[in-house]
Amino acid sequence: MTMSDTSASTDPRKDSLIEYPSLFPIKVMGLHAEDFVHAITRVALQFDPYFDASTVEQRPSSGGKYLGVTITVTATSREQLDDLYRALTSHPLVKVVL
């Protein structure tokens, strides 16, 4: 093993399949509440100051009780994405984050 092989295997950036920065879509599902989309965009803005709320995609469930929202953030690190996922999954209006 050469020195460059060793450094590549210990570099945490090599463990990720995501290249940073990149646009990263996240699907969030929750009850179809009046403030749901606004709440999700507020969380996204905490982790991506350049988040564009006009890119949010919405899809109601067939019965209309739930709403699926896709937000696309600019991912800058694994830590940023982990923190964003934690914030979304702990939000009281959110049921599932993919």
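(1) open to solvent by 90 Å² or more (accessible area, probe 1.4 Å); (2) touching a Phe, Trp or Tyr at 6+ places or on another chain (Cβ under 7 Å); (3) among the hydroxyl-bearing types (Ser, Thr, Tyr): which one isn't true of SER62, the others all being true?
It fails just one condition, (2).
Considering the range 13-51 alone, what residues qualify as being open to solvent by 40 Å² or more (accessible area, probe 1.4 Å) and in a helix (DSSP H, G or I)?
ARG13, LYS14, ASP15, HIS38, ARG42, LEU45, GLN46, PHE47
Taking the condition of being closer than 15 Å to SER61 by Cα and either in contact with an Asp or Glu (Cβ under 7 Å, 6 or more places away or on another chain) or of a type in the set (A, V, I, L, M, F, W, C) (or both), how many residues in the range 21-46 meet it?
Adding up the residues that qualify gives 6.
Across the range 52-98, which residue is farthest from VAL28 (Cα to Cα) among those that are outside any strand (DSSP E or B) and among the β-branched types (Val, Ile, Thr)?
THR76
Would you check which residues across the range 47-59 are closer than 13 Å to GLN80 by Cβ and out of contact with any Asp or Glu (no Cβ under 9 Å at 6 or more places or on another chain) and list them?
First, the residues of the range 47-59 that are closer than 13 Å to GLN80 by Cβ: 47-51.
Matches in the range 47-59: ASP48, PRO49, TYR50, PHE51.
Does the range 78-96 hold any residues that are small (Gly, Ala, Ser) and open to solvent by less than 50 Å² (accessible area, probe 1.4 Å), and which are they?
Taking the range 78-96 first, the residues small (Gly, Ala, Ser) are 87, 90.
Correct list: ALA87 only.
Over 20 Å from VAL96 (Cβ atoms) and modelled with pLDDT of 95 or more: which single residue out of LEU81, LEU67, LEU23 fits that description?
When all the criteria are applied, what remains is LEU23.
The values are calculated or read from the model by the stated rules, or taken from the named source; none is laboratory data. The structure presented is a predicted model; accordingly, all values stated were derived computationally and were not measured. Here Cβ is always computed from backbone atoms with ideal geometry, including for glycine, and neighbour counts include all displayed protein chains. We work out accessible area using only protein heavy atoms, side chains counted, and drop any ligands, DNA or RNA first. Shrake-Rupley method; radii C 1.70, N 1.55, O 1.52, S 1.80 Å.
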